2 protein chains.
Amino acid sequence: MIKLGIFDSGIGGLTVYREIRKALPGADIHYFGDTARVPYGTKSAQTVTHFSMQIALYLDGRGVDTVIVACNTASAYALDALRNALRIPVFGVIAPGAEAAVKATRNGLIGVIGTRGTISSGAYQRAICELDPAARVVASPCPLFVPLVEEGWLVEPITQEVAIKYLTPHMEAGVDTLVLGCTHYPMLKEVISMVMGGEVVLIDSAQETASKVKGHLEKKGFIDEMRAGLELFEVTDSPERFAEVGRLFLDRDLTNIVHVTIGEKED
Amino acid sequence: MIKLGIFDSGIGGLTVYREIRKALPGADIHYFGDTARVPYGTKSAQTVTHFSMQIALYLDGRGVDTVIVACNTASAYALDALRNALRIPVFGVIAPGAEAAVKATRNGLIGVIGTRGTISSGAYQRAICELDPAARVVASPCPLFVPLVEEGWLVEPITQEVAIKYLTPHMEAGVDTLVLGCTHYPMLKEVISMVMGGEVVLIDSAQETASKVKGHLEKKGFIDEMRAGLELFEVTDSPERFAEVGRLFLDRDLTNIVHVTIGEKED
């Protein structure tokens, strides 16, 4: 049986977990959320790469066959380093999102929103321009979107005003496709779509990544068996809090949540 | 020469640093900001206590004479544990803030705002009621205030609307004193005061803590010499970013910023 490792800075990667679970109901999945050190999006490339490496090596040591980096910031900063360090396949969320955006755009104008880290890394911009050198990319960070989601203000007037402020450059540039380059942002789809207008295509990297992972496994001869895959959630902060917010992300109760520490020396 | 250790989850503790420096210009100060793991305010008591203990023991090992916990969440959760573990004096920001609030109130109605962790710990509420059992406390978390400060939206209309939403219960209760129970909140004094009305006293724990530390040192016979105290800033994420935001907090350039890791095993 295939065993997939998914990791994220915290809880947002559950949007990726959800899509992978939908695509591969029979796979065993080991989800790792670094909830004690979350967020990654405001931290430096060095620190994000260091944390990501600790987690990927840990998952590898726990016997997963494939690692999926659900966090956009970790994908943006650390993917190459992880691929160099591990012998198993490592998937990020940037390339699938960029591919979907290039396929979706009609006017060649693509918007990308994400954390400060993801945007300033230039990873989406590079990935899009490699696929379509004629594409024009407008990229900007939206640092308040994650705290707004975590506050539960998904459709509040304040959230709409923040969205207008952040998205105005994208509207003014006339983008017809917008990449939601952070795992939390799909939770704000309603407000973002209201602000951008219904004709702008919103790209959710989670779905694209899941279909890419599934395609890869099928090519390798993997058959998704008729069984319910096992699931294990490991987190670096309290399991209770993860269970609480996780319910909002997955619309069901999560069981098998375990607290672990990572990279720390024994007391 | 006295050597003070101040620590915080990140950069916000510089408001405490600033007040201590003003009160004790001749003291050497070692500031530790856990910028790789910031914030603490959304994390569990166990994790915040664990991180705080690592840092306090580290500062103790570096030879400081006194530890000041500049972070409200760390003070709320970890102060007792740190005092049990260390032989040197440990100051938090909760008790000084509570004392100042009890002195300031005329109608006995005190508001407290802070992170989710600080508020749900009940530390301010307990400290105030111990000093004045007749006081009534309204306490509520304001999770968006920190990201708004870090976005630099100090006086934006959106910030004002968020403040109205968070502060309405305090206004309705008729508090005449409001404790700014998070190091970032003094940066929003202007908006908070506009919303609450100029007659409501805003308590900034940083000032109160500095005068308490100074009083303690003077009682011990410490004389603040006519010299400029040395300063060292240690951070767990990149020094560059700390220097950048630190300038906003201190209105001057910071030098002597060093990157360190803490609690980690060697690679």
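Where a number appears in this text, it was derived from the coordinates with a stated rule and is not lab data. Keep in mind that what you see is a predicted model, and the values were worked out from it rather than measured. As a convention, Cβ positions derive from the backbone with ideal geometry for all residues, glycine included, and neighbour counts pool all protein chains shown.
Quick one: what Rg and Dmax do you get for the range A:94-205 from the alpha carbons, in Å?
12.9, 39
Considering only the label points, 7 Å along Cα→Cβ from Cα, what distances in nm to one decimal separate residue A:108 from the same position in each other copy, shortest first?
Between copies, matching label points for residue A:108 lie 7.4 nm apart.
Once you mark the GluC sites (Glu not before Pro) that are in a DSSP loop and have at most 11 other Cβ atoms within 10 Å, what is the longest gap between them in chain B?
With a cap of 11 other Cβ atoms within 10 Å, the longest stretch comes to B:1-198.
For chain B, give the magnitude of the charge dipole about the Cα centre (Cβ charges: +1 Lys/Arg, -1 Asp/Glu; no others), in debye to the nearest 20.
Roughly 660 debye for chain B.
Mind giving me the nanometre distance, one decimal, between the label points for residue B:120 and residue B:194, set 7 Å out from Cα along Cα→Cβ?
3.2 nm
Between A:34, A:251, A:80, where does the largest GNM mean-square fluctuation fall for chain A, given springs only between Cα atoms within less than 10 Å?
Ranking A:34, A:251, A:80 by mean-square fluctuation puts A:251 first.
What does the copy distance list look like for residue B:247, label position 7 Å along Cα→Cβ, in nm and ordered from shortest?
4.6
How far is helix B:14-23 tilted off the main Cα axis of chain B, in degrees rounded to 10, range 0 to 90?
Compared with the principal axis, the helix lies near 80 degrees.
Taking Cα atoms of the protein assembly as shown, Rg/Rh with Kirkwood Rh, to two decimals?
Checking Rg against Rh, the ratio lands at 0.99.
As an exercise, use a Förster radius of 22 Å and the Cβ-Cβ distance of residue A:154 and residue A:240 to find the FRET efficiency, rounded to the nearest 0.05. Can you show the working numbers first?
Details: r = 23 Å, r/R0 = 1.03.
The formula returns an efficiency of 0.45 here.
Separation between the residue B:164 and residue A:223 pseudo-spin-labels, each 7 Å from Cα along Cα→Cβ, expressed in nm?
So the two model labels end up 6.3 nm from each other.
Considering only C-alpha atoms, what is the centroid distance from the range B:46-112 to the range A:148-162, in Å?
Distance between centres, Cα-based: 33 Å.
Of the candidates B:92, B:152, B:108, which one comes out as most mobile in a Gaussian network treatment of chain B with C-alpha springs shorter than 10 Å?
Of the options given, B:152 has the highest mean-square fluctuation.
So what is the 222 nm mean residue ellipticity for chain B from helices alone, if each DSSP H run of at least 4 adds -39500 (n - 2.57) and you divide by all residues, rounding to the nearest 500 deg cm²/dmol?
That calculation yields -14500 deg cm²/dmol at 222 nm.
Which of B:165/B:189; B:22/B:189; A:3/A:265; B:43/B:214; B:103/B:189; B:22/B:219 have a Cα-Cα distance over 24 Å?
Numbers: B:165/B:189 16 Å; B:22/B:189 20 Å; A:3/A:265 28 Å; B:43/B:214 31 Å; B:103/B:189 20 Å; B:22/B:219 18 Å.
Long pairs (Cα-Cα over 24 Å): A:3/A:265; B:43/B:214.
Given an 8 Å cut-off on Cα distances and at least 6 residues of separation, report the relative contact order of chain B as a percent. Could the numbers behind the result be given before it?
Numbers: 509 pairs, mean separation 68.4, N = 267.
Here the relative contact order equals 26 percent.
So what is the orientation-averaged projected area of the range A:181-244, using the convex hull of its C-alpha atoms, in nm²?
Numbers: hull surface 29.4 nm².
So the mean shadow area of the Cα hull is 7.3 nm².
In debye, nearest 20, what is the charge dipole magnitude of the protein assembly as shown about its Cα centre with +1 on Lys and Arg Cβ and -1 on Asp and Glu Cβ, if you could check?
360 debye
With point charges of +1 on the Cβ of Lys and Arg and -1 on the Cβ of Asp and Glu, referenced to the Cα centre of chain B, which listed residue (B:181, B:157, B:12) lies farthest in the positive direction of the dipole?
Projecting each Cα onto the dipole axis, the largest value belongs to B:181.
What residue among B:22, B:220, B:189 shows peak mean-square fluctuation when chain B is described by a Gaussian network model with Cα springs under 10 Å?
The residue with the greatest mean-square fluctuation here is B:220.
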